[in-house]
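Bear in mind that the values in this text are calculations on the coordinates, not laboratory data. Just so it is clear, the model here is predicted, and its values are computed rather than measured. With ideal geometry, Cβ positions are generated from the backbone for all residues, glycine too; neighbour counts draw on all protein chains shown.
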Amino acid sequence: MKFSPYKRLRLFLVGICLVFLLSGCGVWKHFFGDDMEPSPPELMSEGLEKFRSGEFEAATEIFQKVKDRYPYSKDALQAELKMADALYQRDMFDEAYEEYSEFEKLHPKNPEIPYVIFQEGMCFYRQSSTIDRDQSKTLRAREEFERVIKRYKNSPYANLAKRKLRESLVNMAEHEVYVGNFYYRIGKYEAAMDRYLYVIDHFPDLGQYYEAIENIKKCKEDLAQEKAIEEKERIEGRSWWSSFKHFIFDNEPTY
């Protein structure tokens, strides 16, 4: 049977299609490459798997890809939060805080907000310095934990925040006592008292309160002793001057 060129071309194309259908996508990939873009759920599944296995850097990149390529998909919301979590796990606390903060601004009614604010506090808490250093990060952590407790008192994160808040307050109180003790050692008793009084005013429920009271007593005793010494020296100095004047002016020679 003889076919026209048009029919031969049509049969050839049908045969090609049958080959691809019967051999699956392997042949397609062989000839044309694998340019199929993963869907948002597929990317999220891969990112979560990386996160669970501790590959946080790889997870961060995947979550960022979901955010960039599918910003309006339902998976983008989860990607925003999990990216912040991945950065936190990498000890990139400033970057993680920015992501948590952005999530809170964009989704203030989201049910994950108590967790988000708690994590904002933890970003500062994990950067808190030892008591001999500046406590500005501890103060920021305190503010975030107090926000959780005040706004979401029935959330389980409020209970976690209470524990971390107490630890933050202890660090801040110990810092004030440490600085006060430094001033005391170099004889700056009034400056030391200012630090101890700050502890009494701001941390009355902590153990450092009683330490501050005892130290204030010592400062007052040392200040009183200093004053007594100064008064004694003043009196002795005046007495010396009086004796000197008496010797000079009251014992003039007679001619």
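Per-residue extension of 0.36 nm, minus the Cα-Cα distance of residue 105 and residue 213, leaves a gain of 34.5 nm for this segment. Loop-located chymotrypsin sites (Phe, Trp or Tyr not before Pro) in the range 57-155 (DSSP state other than H, G, I, E, B) with a sparse environment of at most 12 neighbouring Cβ atoms within 10 Å: 72. Taken over the range 111-208, lysine pairs spaced eight or more positions apart, or on distinct chains, with alpha carbons under 25 Å apart number 8. Pairs of Cα atoms nearer than 8 Å and 6+ residues apart set the relative contact order; for the range 52-124 it is 25 percent. Roughly speaking, what is the centre-to-centre gap between the range 98-173 and the range 60-88 when only Cα atoms are used, to the nearest Å? If you average the Cα positions of each part, the centres end up 22 Å apart.
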